[in-house]
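Reviewing the structure listed below.
The values are calculated or read from the model by the stated rules, or taken from the named source; none is laboratory data. All values derive from a computational prediction rather than experimental measurement. Because the Cβ atoms are built from the backbone with ideal geometry, glycine has one as well, and the counts that use them run over all protein chains shown. Heads up: the accessible areas ignore ligands, DNA and RNA and are worked out on the full protein's heavy atoms, side chains in. Shrake-Rupley method; radii C 1.70, N 1.55, O 1.52, S 1.80 Å.
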Protein chains: 2
Amino acid sequence: GRKVLIVYAHQEPKSLNGSLKSIAVEELSKQGCNVTVSDLYAMQFEPRATRNDIVGCLHNSEEFNYGVETWEAYKRGGLSRDLVEEQKKVQEADLLIFQFPLYWFSMPAIMKGWMDRVLVQGFAHEFPNCYDSGLLKDKLALFSFTTGGSREMYAKGGISGDIRYLLWPMQHGIMHFCGVKVLAPHICFAPEYVSEEKRKEMLTAWAQRLKTLWNEEPINCSPEWYFK
Amino acid sequence: GRKVLIVYAHQEPKSLNGSLKSIAVEELSKQGCNVTVSDLYAMQFEPRATRNDIVGCLHNSEEFNYGVETWEAYKRGGLSRDLVEEQKKVQEADLLIFQFPLYWFSMPAIMKGWMDRVLVQGFAHEFPNCYDSGLLKDKLALFSFTTGGSREMYAKGGISGDIRYLLWPMQHGIMHFCGVKVLAPHICFAPEYVSEEKRKEMLTAWAQRLKTLWNEEPINCSPEWYFK
């Protein structure tokens, strides 16, 4: 069975994000997948990149460099336990699903902290092993999120610009950089401003997509897809 | 004298980011500006958006909605003390400078948490008061950051794409949304891979720019600037 890691960032289990997460667990489990959830708020996941992420002595205690220190710590097995656990989940996964409400054209800080702290050099990338030769190649990622703004606001020419513009840092800058192939995003526009019936349709559409997810081809994660 | 708030996110005072921050404090103070620094790591600033941000009872305790709860709390003066303090600094400032190392095509999670938690509805925006009529209009913002990748990697057609692509969520999606006018970013490319002399030139260039900063015109914060 395939392995899936869902990295989930919502405070409220009853939210639409909570339901989207539960539906993914249910549907993928039904398919025989092994599904793990990192429920970041429930875990009180630490988003801050600090010296606490390194166990024991620093490589250079005169001048703290987070990138260098976590790289060195990774190599000697000296990263903090919460990071090691998340890296193990990532390592085992065939597919990473990120489920979150869009906050300020990006992911909530708690999820950004997961990216900042878990995807350390040596584990996820190590120059020149980035982009197509990133260390997490042969994995897939999918960004599934809800927005405050409407589909019209996020249309090309809309006041907030094409929604694809804001996917660039997350899909290309993070996932593609680590070698991960990216499936098309799953976006629920403005669920707070639609009827209960429409929200149910959003849940059904997600369940439906998941049924044939493994047949999907990744997007072409290059500027053309985002800015054409 | 004009008022400036520097929101600063680096763990190490001896870093280039630390020096860029100190130079800004020094140069702007010399000009007679009143400069305040929010040193996020030193403050152990909380990046997670949780129920703790609301003092007292919730508007809807059945289903927690962070956006609604902070909006309601703002209106009745019930936001947590750390948010009120940051909002006061923002309110008083004519210019916001964000100083940080680029983490994953964006700001470090600790700074993203500042955006997520401080710029609440009612304070920074309140539909339809967004973009050009955002509640923080008449303020300026400037993103000043260092990168790991080189200028060539961040050129149009470079492997990481035009650096302007990744500025869209931060400059347009956050600052412009709140009505803040955006000055051209200040970018130090790959300081870790250049000579000590080049790094000193980077500091001098920043000090030099600050001397005439108040004469600068904001950028045209529309898709053309980012994706043309």
Among A:LYS137/A:LYS181; B:LYS21/B:LYS211; B:LYS14/B:LYS88; A:LYS3/A:LYS88; A:LYS156/A:LYS181; A:LYS112/B:LYS112, the pairs whose Cα-Cα distance exceeds 19 Å are B:LYS14/B:LYS88; A:LYS156/A:LYS181
Between B:LYS198 and A:PHE127, Cβ-based FRET efficiency (R0 22 Å, step 0.05) works out to 0.65
Quick calc, chain A, dipole around Cα centre from Cβ unit charges on Lys, Arg (+) and Asp, Glu (-), nearest 20 debye, gives 420
Inter-copy distances for A:LEU58, nm, shortest first, label points 7 Å along Cα→Cβ, are 3.9
Between A:GLU224 and A:THR50, the two model label points (7 Å from Cα along the beta-carbon direction) sit apart by a distance in nm of 4.6
Rounded to the nearest 5, the percent of antiparallel DSSP beta bridges in segment B:1-100 equals 10
Result for interface chain A to chain B, accessible surface buried in total, 1.4 Å probe, Å² to 100, stands at 4100
Quick note, segment B:3-227: a/c under 1.5 would make it rounded; otherwise a/b > b/c is prolate and the rest oblate (a ≥ b ≥ c, C-alpha gyration tensor); here it is prolate
Expressed as a whole number, the average count of other chain Cβ atoms within 10 Å around the Cβ atoms of A:38-45 is 1
Full extension between A:GLU92 and A:ARG2 adds, at 0.36 nm per residue less the Cα distance, a length in nm of 31.5 nm
Computed over the protein assembly as shown, protein heavy atoms only, probe 1.4 angstrom, the accessible area per residue in square angstrom equals 42
DSSP beta bridges in chain A: the antiparallel percent, rounded to 5, is 10
Simple SL model, points at 7 angstrom along Cα→Cβ for B:ALA184 and A:SER29; separation in nm is 5.6
Counting sequence-distant residues (5 or more places) and residues on other chains, those with an amide H built under 5 Å from that of B:VAL182 are B:ALA141, B:ILE219
When the charge dipole of chain A is computed with +1 at the Cβ of Lys and Arg and -1 at the Cβ of Asp and Glu, the Cα pointing farthest to the positive end, of A:GLY32, A:ALA73, A:GLN44, is that of A:GLY32
Expected integer from the mean partner chain Cβ neighbour count at 10 Å over A:97-110 is 6
Helix B:81-92: inclination vs chain B longest Cα principal axis, degrees, rounded to 10, gives 60
